[in-house]
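What follows is a short report on a single structure.
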Amino acid sequence: MSNMSRRGFVKGAAIAPLAVKSLALEQAAAPSERFDIVVAGAGHNSLATAAYLAKAGYRCLVLEGRPIIGGGVKTAELTLRGFKDDVCSTAHAFIQANPMLRNDELGLRNFGLEYIDPDPVFHVPFPDGSYLTQWRDLDRTCAEFAKFSKKDAATYRRLLAEFDAIKPVLGAASFTPIGFGKPLNDRLAEAPRGKLWQRRLAMSAWEIIRDNFEDDHCRTFLLYMSHLAAEPPDAPMTGRLAFSALGQQRTGRPLPKGGSGELTQAMARVIEANHGVILTNKWVRRLIIENGRCAGVECDDGSSYRAEKAVLSTIHIKHLVDMAPRELWGQDFVDGVDTWQAEHAMFVTHYATSEPPQFAVEGGKLSPVEAGILSSPLRALRGTYDDSLGAPTLEDPALQVICCSVADPSRTPPGMHTVKVLGWQPYELKEGPEHWDKIKDEVSAANLKQLRRFAPNLTDDKILARFIESPLDLERMNPHFWHGSAHAGAQSASQVGAMRPMPGWAQHRMPIPGLYQTGATTHPGGSVTGAPGRNAAMVMLKDFGTSIEEVVKKKP
Ligand SMILES: Cc1cc2nc3c(=O)[nH]c(=O)nc-3n(C[C@H](O)[C@H](O)[C@H](O)COP(=O)(O)OP(=O)(O)OC[C@H]3O[C@@H](n4cnc5c(N)ncnc54)[C@H](O)[C@@H]3O)c2cc1C
């Protein structure tokens with residue numbers, strides 16, 4: 001089948017923006033206009049920082065290279081008119097614990113943000129015809145585990161209680177900038193049973209799952225949920241990922257009504273309501289340095305913008321380092337950039353369909369918002385080996401299958417559906433990453449064949465259009481997804497906490513005075529958490545002589 005999409009993801013090319021809402025994002029801002037803060041890149045984190053700074057009274061200018069803001073949190077018509085596709089993220093689970101949403105600190109709900117809470121939460125069908133479905137209701141989920149092992153069901157319930165007890169400690173560390181509070185290990189040392197959690201977090205996800213659960217179906221389900229972080233489950237310090245399924249037992253996997261991009265659109269409205277300006281089609285290519293200080297930015301189109309107080313970047317560190325003379329960064333920073341590692345890259349196919357995927361379950365069929373295909377623990381453990389081969393994984397691929405329209409009919413014409421099929425692939429091919437342009441149709445077809453083993457109803461006549469994003473396309477669309485990394489780079493032991501982006505520079509303050517960094521290359525990393533964004537706001541506001549608490553208290 002040929003690619004039936006209407007647009008390409010070439011840098012600077014347009015994705016069809018949704019006609020549904022017309023935010024005036026193309027306002028003019030004369031380069032001579034005065035701004036306190038210039039923000040380079042409009043991902044959800046940098047928008048969050050800008051929203052807090054704008055609320056504090058600082059005049060903010062946000063410059064986004066793409067025609068639509070949002071980075072990994074945006075919605076566009078990729079296949080057919082009237083089909084709203086989440087270009088990257090869909091599930092907004094982790095951000096629910098962020099005080100920004102939990103306490104609605106920015107008033108995002110007044111700007112149209114509304115969440116849908118799908119039930120079931122997640123469904124994993126197995127090759128032997130059995131399946132495990134996670135429901136919002138704990139007893140119902142435990143009954144699913146008990147189909148395979150009563151002991152595993154009891155373990156799931158026990159570990160959930162243990163995770164509930166430690167979650168406030170883990171959350172506090174995520175939503176606090178590095179250096180602003182005690183390091184996680186110290187916080188754990190003081191918590192009841194915290195020493196057990198110190199050990200668990202240092203272990204691998206696989207060790208915890210293997211040691212606690214006896215049945216391979218239950219293990220596969222838990223490994224699948226840990227796998228979404230794109231880290232090898234047997235790597236040291238991935239232990240927290242063993243608790244991914246337990247975390248979402250409480251939060252669910254909420255999705256914004258109307259599309260993932262509703263979050264970033266609401267953030268943009270907060271910035272504009274506080275006299276900020278957002279310009280699109282503005283690729284930042286150089287930092288303006290005056291007297292050793294970052295004083296603004298210059299764009300690809302020759303325009304330049306000055307910042308009276310600070311520049312905030314969400315440009316990938318691999319690119320940022322080339323935007324100012326090397327000697328200004330210092331050797332430690334340059335070493336940190338040189339040794340930065342990518343993660344298992346993502347491969348995505350978006351479909352417009354006339355039916356949702358239907359999975360066989362006892363007494364009928366189930367069409368969940370999210371399903372995962374992973375045939376066994378061994379398949380998960382082989383992922384790193386596959387990734388090192390420099391060839392696409394075509395045999396028995398692990399997949400994530402998302403059909404938002406079953407819970408949110410506002411995303412499609414009546415009776416129609418959006419289906420997003422995601423997999424994990426190596427960015428580096430033996431023939432070079434450009435080879436992805438030649439083979440992406442073949443890889444997409446292999447993923448569809450795999451999906452049809454479990455949802456045979458998705459035959460060609462049900463598929464109206466499709467749009468493919470290879471690892472290379474993802475990087476072209478958003479250079480912050482360096483080498484196809486959905487979280488900007490691995491979240492491995494060497495790149496988390498005080499090591500993100502590198503030791504010595506994890507506090508959002510960059511080596512060049514006046515320059516700050518946020519987004520997935522900073523603590524606590526990628527996914528839709530808003531944590532790097534709020535944390536960067538905390539650091540900047542403190543440097544400006546105020547605090548996030550003061551700003552949040554301010555009346556709109
Ligand atoms: C296919 C896919 C599915 C995903 N699904 C989920 C999910 O369901 N749930 C979840 O929690 N996470 C998911 N993620 C991960 C999540 O989307 C990202 O980790 C997150 O969006 C990163 O946000 P950010 O704020 O760090 O920056 P980004 O979203 O990466 O935004 C950076 C922005 O900066 C812009 N930019 C970069 N360089 C420049 C420049 N030089 N000049 C101007 N602008 C520039 C980019 O165009 C982009 O708009 C997914 C990712 C992918 C790729």
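The values are calculated or read from the model by the stated rules, or taken from the named source; none is laboratory data. Everything numeric here is computed off the predicted structure, so don't read it as measured data. Quick reminder, even Gly has a Cβ in these numbers, built from the backbone with ideal geometry, and neighbours come from all protein chains shown. In case anyone asks, the SASA skips ligands and DNA or RNA and just uses the protein heavy atoms, side chains included. Shrake-Rupley method; radii C 1.70, N 1.55, O 1.52, S 1.80 Å.
Each residue in segment 438-484 was checked for being within 24 Å of the chain's Cα centre (by Cα) and assigned to a helix (DSSP H, G or I), and 16 of them qualify. Number of residues in segment 499-522 that are surrounded by fewer than 24 Cβ atoms within 10 Å (Cβ to Cβ) and over 21 Å from residue 36 (Cα atoms) equals 6.
In segment 464-493, the residues that are within 16 Å of residue 79 (Cβ to Cβ) form Cβ pairs under 6 Å with partners that are assigned to a strand (DSSP E or B) and within 6 Å of the ligand (Cβ to nearest atom), at six or more places apart or across chains, as follows: 469/348. Restrict the check to segment 331-341 and report whether at least one residue is within 15 Å of the ligand (Cβ to nearest atom), farther than 30 Å from residue 435 by Cα and at pLDDT 95 or above. No: zero hits.
Listed conditions (1) surrounded by 20 or more Cβ atoms within 10 Å (Cβ to Cβ); (2) of a type in the set (Val, Ile, Thr); (3) closer than 22 Å to residue 251 by Cβ are all met by residue 155, apart from (1). Taking segment 163-197 as the range and being buried (at least 16 other Cβ atoms within 10 Å of the Cβ) and either within 30 Å of residue 361 (Cβ to Cβ) or of a type in the set (S, T, N, Q) (or both) as the test, the residues that pass are 163, 174, 176. Reported count of residues in segment 363-395, each being in a loop (DSSP other than H, G, I, E, B) and either open to solvent by less than 40 Å² (accessible area, probe 1.4 Å) or in contact with a strand residue (DSSP E or B) (Cβ under 9 Å, 6 or more places away or on another chain) (or both), is 10.
Matching residues to (1) out of contact with any Cys (no Cβ under 7 Å at 6 or more places or on another chain); (2) outside the structural domain of residue 296 (by TED's automatic domain parsing); (3) outside any loop (DSSP other than H, G, I, E, B); (4) within 8 Å of the ligand (Cβ to nearest atom):
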{"residue": "46", "(1), (2), (3), (4)": "yes, no, yes, yes"}
{"residue": "52", "(1), (2), (3), (4)": "yes, no, yes, no"}
{"residue": "96", "(1), (2), (3), (4)": "yes, yes, yes, no"}
{"residue": "100", "(1), (2), (3), (4)": "yes, yes, yes, no"}
{"residue": "106", "(1), (2), (3), (4)": "yes, yes, no, no"}
{"residue": "109", "(1), (2), (3), (4)": "yes, yes, yes, no"}
{"residue": "120", "(1), (2), (3), (4)": "yes, yes, no, no"}
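Candidates 462, 430: the one that is open to solvent by 60 Å² or more (accessible area, probe 1.4 Å), more than 14 Å from the ligand (Cβ to nearest atom) and of a type in the set (Lys, Arg) is 430.
Looking at segment 202-313, none of the strands (runs of 3 or more DSSP E) lying wholly inside it contains 3 or more residues that are in the same structural domain as residue 169 (by TED's automatic domain parsing) and more than 13 Å from the ligand (Cβ to nearest atom).
Restricting segment 54-71 to residues that are in contact with a helix residue (DSSP H, G or I) (Cβ under 8 Å, 6 or more places away or on another chain), assigned to a loop (DSSP other than H, G, I, E, B) and more than 20 Å from residue 177 (Cβ to Cβ) leaves a set whose member that is nearest to the ligand (Cβ to nearest atom) is 71.
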